[in-house]
Amino acid sequence: MEWLTLIAPGYGPDGSPLLSILCKRTYKFAHGKVAVPDAEKQIPFHEKDEFLDEGDPLKNAPRCEGEVIAFKPLTDVIVHASAYAPVGKTVAFVDAGIAVGPIRKLIRVTGDRKVIVKGVGIEFSQPEPFASMRLDYSRAYGGKDGRSLPGVEYSYPRNPVGKGFAIKNDPALLQGLALPNLEDPNKLLTPANLVMGKYENWSKWPEPVAFGYAPRNSFPRLQQSGLSKPDQIDAEADRQMRITDMAEIGVPGQSEPPSPMPLMNPEFFNGAPPGLKLPYLKGDETIKMRFLDAANPAFEFQLNPERPRPVLDVGEGRVEMPVTLQTLEIYKATNQYTAVWRGSVKYQGPESLRLFTKFEYGVLD
């Protein structure tokens, strides 16, 4: 079975141009077994971002992200899964989790709840029992508050597509507010800490937890999306020229000098949620799941240890590249996972491509 391959030009962490070969393969897994290549269905590369439910990037959680990325500084572990109650039962809550080798992430999954306003305060309704619950960011803490200040819609910076976010302590506005289903078991939302009071306090409020992709427009990802090193150099040169043309700083009526543009942090390309952006995995780790399988509350399997051997020839002989695991994406509903490995070489930039006398890439058998 061949590896799916793509060439991805881009930049390394030091700003140097890279040519990366991405190699992708789909595997089937079963409880207690080592995963094997899926001979029936290979999941193709995601070439663009897609979103759940209505597919609106401003309202819905990400389903997948484009994978044509030349460099990620960490391995993304993405888990498309639901939490399940024990077979034949429904529950008010369950602690669902995943362990990747020694790394563990646990989520308190609670049935649907809402705010009930009482005469002297607020309460949370009892959770509705559930048999399964999706584990993406739409069910985590966050969302938008368009009720606290008429005509103004505030978004929770860490997760604009979640629920439970409230700024103003107004009973009429809080009544019936939907609460998050997914929380950190050690930092649960309560009636006492629900209302933020002032929007500037958002950094003290809960960090959303989920197993799917984190939205690109969420903090801190959005803050990491500055300019690449070459573009930042050009922008800084332009800024210095504009400063030179300005009147002397401090002259009444003159504006402040423009601020430098931020440099892109390559971690922006890591889309996994906190706790699942990991130091590069070996690719042979054991994966343990808790309450993520409808029939088995303690499910585990081992990743297939094979690695691709990508090669590139630009006219100076074939070069084999060492590889790094960029993305591990687990699809629990079908017991499949995909592994995207990256092999990279430095080159002189896009203009040097015309000097190549040959351009062949692939994976050795």
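Some points to look at:
- Flag if A214 is among the small types (G, A, S), touching a Gly at 6+ places or on another chain (Cβ under 8 Å) and either at pLDDT 95 or above or part of a helix (DSSP H, G or I) (or both): yes
- Number of positions in the range 285-302 that are more than 22 Å from the chain's Cα centre (by Cα) and exposed (fewer than 14 other Cβ atoms within 10 Å of the Cβ): 2
- Strands (runs of 3 or more DSSP E) contained entirely in the range 69-168, each with at least 2 residues that are touching an Asp or Glu at 6+ places or on another chain (Cβ under 6 Å): 103-110, 144-149
- Taken as a whole, the condition of being in contact with a Pro (Cβ under 8 Å, 6 or more places away or on another chain), in a loop (DSSP other than H, G, I, E, B) and surrounded by 14 or more Cβ atoms within 10 Å (Cβ to Cβ) does not apply to G10.
- Of residues in the range 144-178 being free of Cβ contacts under 8 Å to residues at least 24 places away in the same chain and not aliphatic (A, V, I, L, M), the one nearest to S203 (Cα to Cα): S155
- All told, D136 meets the bar of being in contact (Cβ under 8 Å) with a residue 12 or more places away in the chain and surrounded by 22 or more Cβ atoms within 10 Å (Cβ to Cβ).
- Any hit, the range 261-283, residues being surrounded by 15 or more Cβ atoms within 10 Å (Cβ to Cβ), outside the structural domain of R158 (by TED's automatic domain parsing) and at positive phi: yes
- Inspection of the range 326-346 finds a residue satisfying the criterion of being polar (S, T, N, Q) and farther than 25 Å from R63 by Cβ.
- Residue identified as closer than 21 Å to P57 by Cβ and modelled with pLDDT under 95 among Q240, Q232, Q224: Q224
The values are calculated or read from the model by the stated rules, or taken from the named source; none is laboratory data. Values in this document were obtained by computation on a predicted structure and should not be read as measured data. Every residue, glycine as well, gets a Cβ built from its backbone with ideal geometry; the counts of neighbours run over all protein chains shown.
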